1. For region 13-78, which GluC sites (Glu not before Pro) are both in a DSSP coil and crowded by at most 16 other Cβ atoms within 10 Å?
2. Amide H neighbours of CYS5 under 5 Å, counting only residues 5+ apart in sequence or on other chains, H built in-plane at 1.01 Å?
3. Hey, what D do you get for the chain in µm²/s if you plug the Kirkwood alpha-carbon radius into Stokes-Einstein at 4 °C and 1.567 mPa s?
4. Farthest toward the dipole's positive end in region 1-77, which of CYS5, THR69, ASN30, given Cβ charges of +1 (Lys, Arg) and -1 (Asp, Glu) about the Cα centre?
5. Within region 1-33, whose backbone N sits under 19 Å from a point 7 Å along Cα→Cβ of PHE39?
6. Within region 1-44, which trypsin sites (Lys or Arg not before Pro) sit in a loop by DSSP and count at most 11 neighbouring Cβ atoms inside 10 Å?
7. Under 5 Å between amide H atoms, partner at least 5 residues away or on a different chain: which partners does THR72 have, H built in plane at 1.01 Å?
8. For region 12-24, what does the Karplus curve 6.51 cos²θ - 1.76 cosθ + 1.60, with θ = phi - 60°, yield as ³J(HN,Hα) per residue in whole Hz, taken in order and with x for Gly and Pro?
Amino acid sequence: MLIKCPHCGTRPVEEFTFNGDASIRRPTSNDPKSMDQWFDYVYLRENPKGRFDEYAHHSSGCRAWLVVTRDTQTHEIFNVVTARDYAKKRVAP
């Protein structure tokens, strides 16, 4: 599988470390009353079939954090963006 890094170009998947679901939103409060939200954020994950946004660290390349959109069944890659651009897009109205 090849991934097109926005900085380095097309690179083999072995250069990347995957770090899970990019669509989950981190709780904003550290209040003890929000511990259930933190538990869900840290421990509970879906295992979807189909398109999935996941964090990827280009650990053997430019060391950038990316979000890769791929199909979990076919491993077809649809999009690769920097994690920063992905976050900005989620915040935009």
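Only the coordinates and a few stated rules stand behind these numbers; no lab work does. No experiment lies behind these values; they were computed from the predicted model shown. No Cβ is skipped: glycine too gets one built from the backbone with ideal geometry, and neighbour counts run over all protein chains shown.
1. Numbers: sites: GLU14, GLU15, GLU46, GLU54, GLU76; in loops: GLU46, GLU76.
Within region 13-78, the qualifying GluC sites (Glu not before Pro) (loop, at most 16 other Cβ atoms within 10 Å) are GLU46, GLU76.
2. The answer is THR10, ARG11.
3. Result for D is 90 µm²/s.
4. Highest projection toward the positive end goes to CYS5.
5. The answer is 25-33, whose backbone nitrogens lie closer than 19 Å to the label point.
6. On the way: sites: LYS4, ARG25, LYS33; in loops: ARG25.
When the trypsin sites (Lys or Arg not before Pro) of region 1-44 are filtered for loop state and at most 11 Cβ neighbours within 10 Å, ARG25 remain.
7. Placed amide hydrogens put GLY50, ARG51, PHE52 under 5 Å from THR72.
8. Rounded to whole hertz, the list is x, 4, 5, 7, 10, 10, 9, 10, x, 4, 8, 8, 6.
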